[in-house]
Structure formats: C-alpha cells, structure tokens
Amino acid sequence: MIEITGIRLNNPTILAAGVMGTTGASLARIAWEGAGAVVTKSIGPEPKGGHSNPSMIDLGYGFLNAMGLPNPSYPDFSGEIEIAKKEADVPVIASIFGGNAQEFAIVADGLVDAGPDAFELNVSCPHAQGYGASIGCDACAVEEITAAVCDITELPVWVKLTPNVTDIVSIGKAAQRGGADAVVAINTVRGMAIDIHSGYPVLGNRFGGLSGRAIKPVAIKCVYDLYAALDIPIIGVGGISTWEDAVEMMMAGASAVQIGSAVHDGPGIFQTVADGIESFMSSGGYRDTSDIVGLAHRRA
Ligand SMILES: Cc1cc2nc3c(=O)[nH]c(=O)nc-3n(C[C@H](O)[C@H](O)[C@H](O)COP(=O)(O)O)c2cc1C
C-alpha cells in the first residue's frame with residue numbers, strides 16, 4: 001500500500017491517460033487486472049473528433065500517435081467516471097484539458113460531482129493546437145491553470161508535464177507554485193515518420209508523439225531532474241514495460257509509475273510489474289517503496 005497526495009494505492013502502478021480510459025468499463029477492467037489506480041482519457045470543454053487516421057503507428061521500439069484529444073466533453077463523460085468509481089475498487093483520476101485556465105476550471109468543476117479521486121491536468125499533449133503542450137511550454141500559463149483548478153476543488157491536483165521544452169524543471173516549479181500536489185512526467189516526445197515509397201508523412205496529422213520503450217531514458221532524466229528540484233511527489237511515466245523499468249523510474253525519483261503503451265502487450269502488465277517491484281524490494285531488504293524512491297540521488 002502506498003499513499004500519494006493523500007490517495008491510497010494497493011501498489012505503485014497506474015494506468016496512464018489516453019490508453020483504455022475512454023469508458024467506465026475499460027477503466028474498471030484495468031483496475032481488476034491489478035493497477036493501483038487508473039487515469040481517464042483527457043476530457044475537455046467541448047466534444048472533439050480528433051485527427052484523421054492513421055492516428056497511431058507501431059514502430060517496433062515504441063509508438064507514434066496523434067489522436068488529437070478526441071473526447072465527448074465533460075457533460076457526456078461524467079457518467080463514465082461514475083461507472084468506474086462504482087465498478088473499480090481503486091482511485092480514479094480524471095485527466096482534463098482546456099485552452100486556458102478558465103476552461104480547465106470549468107471542466108474540473110463539471111466533473112467534481114462524478115466523484116474522481118484527483119485531477120490530472122493535461123498541459124502536455126504535443127499535437128493538439130491550442131491545447132496541451134501549446135500552453136504547457138509556458139511557465140506562467142501552467143502556474144495560472146494549476147491555481148485556477150486548485151481554487152475550485154479540494155481534490156488533489158496532478159500536473160502532467162511535456163518533455164518538449166528546454167527546461168522541464170522550470171515548468172515543474174511553475175506547477176508547484178500554482179499549488180499542484182504532484183507532477184506527472186512525461187507526456188509523449190514530439191516525433192514524425194515518413195513513408196519513403198510515397199514520400200508522405202505517415203500520420204494523418206503529419207507529426208505526433210513518441211511513446212513506449214524508445215522514450216524511457218528521456219523520462220528517467222526528466223524525473224531525475226524534477227526530483228532534485230521539487231518538493232512535491234513525482235509520478236513517472238514513459239517507456240515502462242517491465243518491473244525493472246518501474247524500479248529504475250522510482251530510483252530516479254518517482255513515487256509511483258504510470259504505464260501506457262505497454263498495455264498493448266496485455267492488461268496483465270500491471271500485476272506483473274507490481275509483483276516484480278514487491279519481490280525486488282523484499283529480496284533487496286527494502287522495507288517499503290520510500291527506500292527506493294530517489295535512491296539514485298543518494299548514491300550519486
Ligand atoms: C494512444 C495514446 C493516447 C494518449 N492520450 C493521452 C491523453 O489523452 N492525455 C494525456 O495526458 N496523455 C496521453 N497519452 C500519453 C500517455 O499517457 C503517456 O504519457 C505516454 O504515452 C508515455 O508513456 P508510455 O511510454 O508508457 O506510453 C497518450 C498516449 C498514447 C500512446
């Protein structure tokens with residue numbers, strides 16, 4: 001059992017936003033498979049169709065996606081959170097987005113009654129014009145958005161950061177100043193693929209975000225730097241597909257880990273990773289996860 005921002009998790013694995021998180025039933029399924037908590041698909045102020053296909057490709061060493069934040073908007077999604085809360089015996093975190101602080105606050109306010117356990121602010125999606133990383137690169141905007149959501153709710157607020165900036169620490173500090181209870185790092189890394197036979201970009205949106213195994217070292221470095229600079233917990237995400245990856249992320253400074261792309265290998269990944277972390281801790285003589293969180297800083 002771990003506690004993060006006042007929320008209790010049976011184990012440190014969490015379903016990442018945007019993967020299997022579009023319905024209450026799919027969120028509950030992942031919870032039954034052993035995830036310590038689940039995060040919804042990012043939900044915004046208006047219904048949004050998303051980018052044209054292809055919107056996701058498997059590169060073998062990771063995925064490129066440009067979904068474009070498709071979602072039914074908060075009034076139509078709140079029922080899915082209610083279902084997830086009823087069916088899943090784990091915390092349900094609502095991932096939300098907007099184009100400015102006011103929109104974030106409206107979406108959070110509109111979802112509070114559905115009973116999420118926390119909010120995760122998506123200021124980091126790399127391929128939705130006017131949303132996500134378009135505003136998440138600006139420290140002032142991140143601070144303002146975080147403060148606006150903290151103002152309207154007592155629930156914990158997590159802020160999910162983009163790696164597509166020169167200095168992720170300055171954005172993490174802005175979230176902390178705005179009142180964030182935790183930061184989540186990282187969202188996808190901006191990337192592109194071109195079909196050499198036709199000369200066309202492969203994704204419908206031309207470019208998108210790289211996830212999966214390829215980005216693990218980028219995520220580890222971001223979490224390592226954030227841990228050294230922030231006073232709030234960090235939730236690590238990016239390229240985790242084994243328990244060894246999760247332990248590495250925790251040693252960089254993550255109090256818990258999210259898993260996205262690796263769910264493609266099967267939803268049993270959460271139990272496998274959680275069990276692996278536990279046996280690693282008992283065989284290494286660690287009492288609880290706090291012994292390994294940030295260990296690489298104490299060793300270096
Ligand atoms: C298909 C897909 C959809 C995603 N949608 C969202 C989303 O709606 N909101 C968000 O904050 N992150 C989204 N992400 C990013 C993931 O939550 C995660 O930060 C990223 O994929 C890195 O983790 P991973 O390597 O374990 O996949 C998405 C990722 C993928 C692959």
Checklist line | Phi to ³J(HN,Hα) by Karplus 6.51 cos²θ - 1.76 cosθ + 1.60 over segment 85-94, Hz, x for Gly, Pro | finding: 5, 6, 8, 9, 8, 9, x, 10, 9, 8
Next item on the list: Could you go through segment 59-66 in sequence order and give the Karplus-derived ³J(HN,Hα) for each residue, using 6.51 cos²θ - 1.76 cosθ + 1.60 with θ = phi - 60°, rounded to whole Hz, and x for Gly and Pro?
Entry: 8, x, 10, x, 10, 10, 9, 9
Next item on the list: Would you list the P(r) distribution for the chain, with all Cα-Cα distances sorted into 20 Å bins from 0 and each bin expressed as a whole %?
Entry: 37, 59, 4
Item checked: Gaussian network model of the chain, springs between alpha carbon atoms under 10 Å - residue of Gln102, Gln271, Gln176 with greatest fluctuation -> Gln102
Margin query: Taking every DSSP beta bridge with both residues inside the chain, roughly what % is antiparallel (nearest 5)?
Written below: 35
Item checked: Among Pro156, Gly178, Ser124 the positive-end extreme of the charge dipole of segment 124-193 (Cβ point charges) -> Ser124
Check: Around Glu120, which amide H atoms from residues at least 5 apart in sequence, or from another chain, sit under 5 Å from its own amide H, with H modelled in the peptide plane?
Finding: Ala94, Ser95, Ile96, Trp158
Next item on the list: With a 1.4 Å probe and every protein chain kept in, tell me what percent of the accessible surface of segment 149-256 is carbon plus sulfur.
Entry: 53
Notebook entry, point to check: Ignoring any ligand, DNA or RNA, what whole percent of the accessible area of segment 1-146 comes from carbon and sulfur when the probe is 1.4 angstrom?
Noted result: 48
Check: For Lys48, which sequence-distant residues (separation of 5 or more, or a different chain) have an amide H within less than 5 Å of its own amide H, given hydrogens modelled in the peptide plane?
Finding: Asn71, Ser73
Checklist line | segment 244-288: mean projected area of Cα convex hull, nm² | finding: 3.2
Check: Over the Cα atoms of segment 169-226, Rg to Rh with Kirkwood Rh, two decimal places?
Finding: 1.16
Checklist line | Evaluated over segment 81-154, the Cα radius of gyration and Dmax, each in Å | finding: 12.8, 39
Checklist line | Relative contact order of the chain, pairs being alpha-carbon contacts under 8 Å that are 6 or more residues apart, as % | finding: 17
Notebook entry, point to check: What is the set of long-range amide H partners of Ala254 at a cut-off below 5 Å, with H atoms built 1.01 Å from backbone N?
Noted result: Gly294
Margin query: Just to be sure I understand: with springs between alpha-carbon atoms less than 10 Å apart, which residue in His264, His51, His127 has the highest mean-square fluctuation in the Gaussian network model of the chain?
Written below: His264
Notebook entry, point to check: Residues of segment 1-135: accessible area per residue at 1.4 Å, in Å²?
Noted result: 38
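The values are calculated or read from the model by the stated rules, or taken from the named source; none is laboratory data. Just so we're clear, the structure is a prediction, and the values are computed from it rather than from any experiment. As a convention, Cβ positions derive from the backbone with ideal geometry for all residues, glycine included, and neighbour counts pool all protein chains shown. Surface areas here come from the heavy atoms of the whole protein model, side chains and all, with no ligands, DNA or RNA. Shrake-Rupley method; radii C 1.70, N 1.55, O 1.52, S 1.80 Å.
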